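Here the structure is laid out as structure tokens; the discussion comes afterwards.
The values are calculated or read from the model by the stated rules, or taken from the named source; none is laboratory data. Quick caveat, the model's predicted, so the values are computed rather than measured. When we count neighbours, we look across all protein chains shown, and the Cβ atoms used for this are built from the backbone with ideal geometry, even at glycine. Remember, those area values only see protein heavy atoms, side chains included, never the ligands or the DNA or RNA. Shrake-Rupley method; radii C 1.70, N 1.55, O 1.52, S 1.80 Å.
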Amino acid sequence: MENVSSMNLLPEPELSALFLLHQKDLIQFLTYKVRCAETAADLTQETYLRIAHYPDTGNIENMRAYLFRIANNLALDYLRSQTRLSKREAGPVSENIISRQPEPDAILSDRQQLEFLEQIIYNLPPKCRAVFLMSRVEGKSYTEISNELVISPRTVESHLRKALDQIRKQFD
């Protein structure tokens, strides 16, 4: 394993001077790429750190191009991470993804009311129950119900009124 002093490194003052010479251009380039001055400053600093830790800076022919290549790669990595983050967070909530389903509490309350109503209907006298279900559930007319149950339309009306009164009393 070679020791660091035998590697072909740019001396620290030369590296700093070279970086400072191109720093303003790097910041402008990165600001354009990532559309954020603060992030561009951070990426510029990261570019310096990458070049400072590169073991063989003496063999780089075009240091400016190398700096911009590192900066560009860092910007691409940053933009990809932002894309993954926004996909993971699913972005802002829009109207088309809001659930139109009722809340679980409302569902439970509705089910309990339905069970209560079913029990009330079940407890109606048989003729009242039959007239109510034929009228309100099956949507049949008084004439159809009277023909099917062999009772008069007036009796159908009477049974339906009794059923509705009893259901109202139970609900109140």
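Here are some notes:
- The residues of the stretch 58-73 that are surrounded by 15 or more Cβ atoms within 10 Å (Cβ to Cβ) and within 15 Å of Asp25 (Cβ to Cβ), listed by number, are Met63, Tyr66, Leu67, Phe68, Ile70, Ala71, Asn72.
- Flag if Leu124 is within 30 Å of Tyr32 (Cβ to Cβ), open to solvent by less than 90 Å² (accessible area, probe 1.4 Å), of a type outside the set (Val, Ile, Thr) and at pLDDT 90 or above: no
- The residues in the stretch 40-57 that are within 41 Å of the chain's Cα centre (by Cα), among the polar types (S, T, N, Q) and open to solvent by less than 20 Å² (accessible area, probe 1.4 Å) can be counted, and the count is 2.
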